[in-house]
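Please treat every number below as a calculation from the coordinates, not as lab data. The model shown is predicted, which means the values in this text are computed figures rather than measured ones. With ideal geometry, Cβ positions are generated from the backbone for all residues, glycine too; neighbour counts draw on all protein chains shown.
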Amino acid sequence: MPLVGTKEMFKKAYEGGFAIGAFNVNNMEIVQGITEAAAALKSPVILQCSAGARKYAKHAYLVHLVKAALEVEDIPIALHLDHGPDFETCKSCIDGGFTSVMIDKSGLSFEDNIKETKRVVEYAHAHGVVVEAELGTLAGIEDDVKVEHGNEAYTRPEEVEEFVSRTGCDSLAIAIGTSHGAYKFTPEQCTRDPETGILVPPPLRFDVLAEIEKKIPNFPIVLHGASSVIQKYVKIINDNGGKLKDAVGIPEDQLRKAAKSAVCKINIDSDLRLAMTAGIREHFMQHPDHFDPRQYIAPGRDYIKELVEHKIKDVLGSDGSAPAIMDLVNAK
Ligand code: G3H
Ligand code: 13P
Ligand code: ZN
């Protein structure tokens, strides 16, 4: 089965009131954990690689790992460049087999963002590849770019229509209060649950999302920085020698609500990192004599599979029980 683009996935997701999970991949076990979970639930999935992933694992390894997953699992998979920093990186992914790219020029002015995005769209569309662009800025860290809390900027609904029509992009990442990484909010931005002591973050700006939806109806919206920082994995890490204090993410009920709206793609990376780290740390604490990587990486892969199954079933809603999904899976 060949790699697919995201156009059909997003159409079904929009109509069906669910979202497709876009999971970051950096090595074989992460690819396996995600795709085994998606296949078990008959869910389409987007596997995405950042510039950092390409630097770490090399482009060819990533493409071939994802193609291997296609041979093993019978589900639609799109291969996407996450946060493409420039035209050259996008071009290299388009030429090198990706079916979707993101050009992230959200740090530039409105006009420069349009200009740079349009250049990528023209090249990508000429090669049958779809493009995600971004308007607004999230707090947090992506590769070498760090946006301090307080310097993030919500997407301005009055700009989206012009941005989409002038760039020709296929989907739009927006900023409505999500943030990258495992520390999405400072303790000062949150309240603290008096019983559990866990931080409760400020709610997402669904009012901004609704305004955006009104301006560009039927257009697929993307949510970055959407890990929930699941406390189960944070606790396993901390109980097994880790030190993650006040790690906090986006509550799952808010992501479920977003998935039912125009949000068609939800990006998850930090939760995968936490799940894998939890499995490896737990294993080492229980088996300090082990030194075969297969013994200690496999539990990390198992937790990734458990996590992704949970996301698909309980948060994204993209499992095969959605009628629209069966069309998509059967069409492959
Ligand atoms: O949004 C950023 C993703 O989590 C990728 O992170 O650039 O460290 O690979 P990375
Ligand atoms: P998280 O850090 O919340 O997992 O976000 C990942 C992301 O947006 C990748 O582009
Ligand atoms: Zn992101």
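Here are some notes:
- If you model segment 4-58 as an ellipsoid using its alpha carbon gyration tensor, with each semi-axis the square root of five times an eigenvalue, the axes come out at 23, 14, 7 Å, biggest first.
- Per residue, the convex hull volume that the Cα atoms of segment 179-332 enclose (Å³): 137
- Residues considered: GLU162, GLU132, GLU213. Largest GNM mean-square fluctuation over the chain, using C-alpha springs under 10 Å, is found at GLU162.
- Calculated on C-alpha atoms, the gyration radius of the chain divided by its Kirkwood radius gives an Rg/Rh of 0.95.
- Placing +1 on the Cβ of every Lys and Arg and -1 on the Cβ of every Asp and Glu, with no other charges, gives segment 235-298 a dipole of roughly 320 debye about its Cα centre.
- Alpha-carbon centroids, segment 259-310 and segment 166-198: separation in whole Å: 21
- Positive-end extreme of charge dipole, the chain - chosen from VAL200, ASN27, MET102 (charges on Cβ): ASN27
- Dividing the mean sequence gap of close Cα pairs (under 8 Å, 6+ apart) by how many residues the chain holds gives a relative contact order of 23 percent.
- Per-pair calculated FRET efficiency, R0 = 35 Å: GLU252 and MET285 via Cβ, rounded to 0.05: 0.80
- Segment 243-327: equivalent-ellipsoid semi-axes (sqrt of 5 x gyration tensor eigenvalues, Cα, Å): 31, 17, 8
- Calculated from backbone phi, Karplus (6.51, -1.76, 1.60) coupling profile of segment 56-66 in Hz, x at Gly/Pro: 6, 9, 6, 3, 4, 4, 5, 4, 6, 5, 5
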